[in-house]
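In what follows, a structure is listed as structure tokens, so that the remarks can point back to it.
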Amino acid sequence: MKRLSIIGIGAGDPDHLTFQAAKAIAAADVFLLVDKGEAKQDLARLRHDLITAHGRPPYRIVEATDPERDRTAAAYTAAVEDWRSRRAHIYESFVTGELDDGQTGALLVWGDPGIYDSTLAALDEVDAEFEYEVIPGISSVSALTARHRVGLTRVGRPVHLTTGRRLAAEGATADDVLVMLDAHCSFAGAGDDFHIYWGAYLGTPDEILISGPVREVADEIRAVRAEARARKGWIMDTYLLRREPPAS
Ligand SMILES: C[S@@+](CC[C@H](N)C(=O)[O-])C[C@H]1O[C@@H](n2cnc3c(N)ncnc32)[C@H](O)[C@@H]1O
């Protein structure tokens, strides 16, 4: 049987890698690295560094190019589904063309594979015989709250995990909202009683942290974010919105 390890590698700091993930890297025969384009070279470099540090030769690295996603598409869900099917195709070629029976292939997934990542859903579409396991990773969610030294949850209370797109469309629908994938600083519409804990490039040497009442720090975050994005060519940021005091 062919095997795949879907390995969460943490959110940017090489030290986020767990012992379980390091062992899974050491056990892999072939790695599939999917190139996400020039802007994400830093992310590709971390994956290469982790393989060099923890891989056990002889191993092979196979590179593939990420299918372009139509980011202008009005039908967002359809565009993501189309992209995922093309991603599934890459995984299928990897399993059928690059792995022999008894070998283990590895996919290194940013953060935790279970949080806003399409790898597992794409694997469901792969038409090939293989077994796979999922190794959890330190998510940008954990990295954010740890760096701000706050809990993700308040005592006995829920947290709403969502995207910037949904926050912009629905507003803050809970007292504690964790937002990812926000290209448009949608926190500005959250309301005056929210505090924000914002972090960009968490776990990397470029990490930026800003916190405070949204009404006081929104402009600063917008300016810092735009400057960093222009300088590096890409940005990944996430934030926790917390209503103080809670309304419900
Ligand atoms: C496609 S999702 C992947 C999330 C990932 N699976 C995780 O567990 O963190 C990408 C989003 O995660 C967040 N993110 C990932 N890494 C980050 C980092 N180092 N700093 C800040 N945000 C990050 C951003 O909101 C980004 O838009």
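The values are calculated or read from the model by the stated rules, or taken from the named source; none is laboratory data. What you are looking at is a predicted structure, and each value in this text was computed from that prediction instead of being measured. Heads up, the Cβs are rebuilt from the backbone with ideal geometry, glycines too, and the neighbour counts pull from every protein chain shown.
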Quiz item: Out of all the residues in the range 127-150, which are closer than 13 Å to Val109 by Cα and part of a loop (DSSP other than H, G, I, E, B)?
Solution: Pro136, Gly137, Ile138, Ser139
Practice problem: Considering each residue of the range 203-223, count those that are more than 13 Å from the ligand (Cβ to nearest atom) and either assigned to a helix (DSSP H, G or I) or β-branched (Val, Ile, Thr) (or both), and give that number. | Solution: 9
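Does the range 183-196 include one or more residues that are within 17 Å of Met236 (Cα to Cα), in contact (Cβ under 8 Å) with a residue 60 or more places away in the chain, buried (at least 17 other Cβ atoms within 10 Å of the Cβ) and within 12 Å of the ligand (Cβ to nearest atom)? Let's see the steps before the verdict.
Of all residues in the range 183-196, those within 17 Å of Met236 (Cα to Cα) come to 183-187, 196.
Among the residues that remain, those that are also in contact (Cβ under 8 Å) with a residue 60 or more places away in the chain are: none.
Checking the range 183-196: not a single residue is within 17 Å of Met236 (Cα to Cα), in contact (Cβ under 8 Å) with a residue 60 or more places away in the chain, buried (at least 17 other Cβ atoms within 10 Å of the Cβ) and within 12 Å of the ligand (Cβ to nearest atom).
Kindly indicate whether Ala200 is free of Cβ contacts under 8 Å to residues at least 24 places away in the same chain and either farther than 21 Å from Gly10 by Cα or outside the structural domain of Gly12 (by TED's automatic domain parsing) (or both). It would help to see each step written out before you state the result.
Numbers: free of Cβ contacts under 8 Å to residues at least 24 places away in the same chain: no; either farther than 21 Å from Gly10 by Cα or outside the structural domain of Gly12 (by TED's automatic domain parsing) (or both): yes.
Taking the combined requirement at face value, the residue does not satisfy it.
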Exercise. List every residue pair whose Cβ atoms lie under 6 Å apart, where the two residues are 6 or more positions apart in sequence or sit on different chains, the first residue falls within the range 156-173 and is part of a helix (DSSP H, G or I), and the second residue, located anywhere, is of a type in the set (S, T, N, Q).
Key: Gly164/Ser186; Leu167/Ser186; Ala168/Ser186
Quiz prompt | Filter result (surrounded by fewer than 22 Cβ atoms within 10 Å (Cβ to Cβ), of a type outside the set (Gly, Ala, Ser), modelled with pLDDT of 95 or more and part of a helix (DSSP H, G or I)) within the range 1-47 | solution = Pro14, Asp15, Phe19, Gln20, Lys23
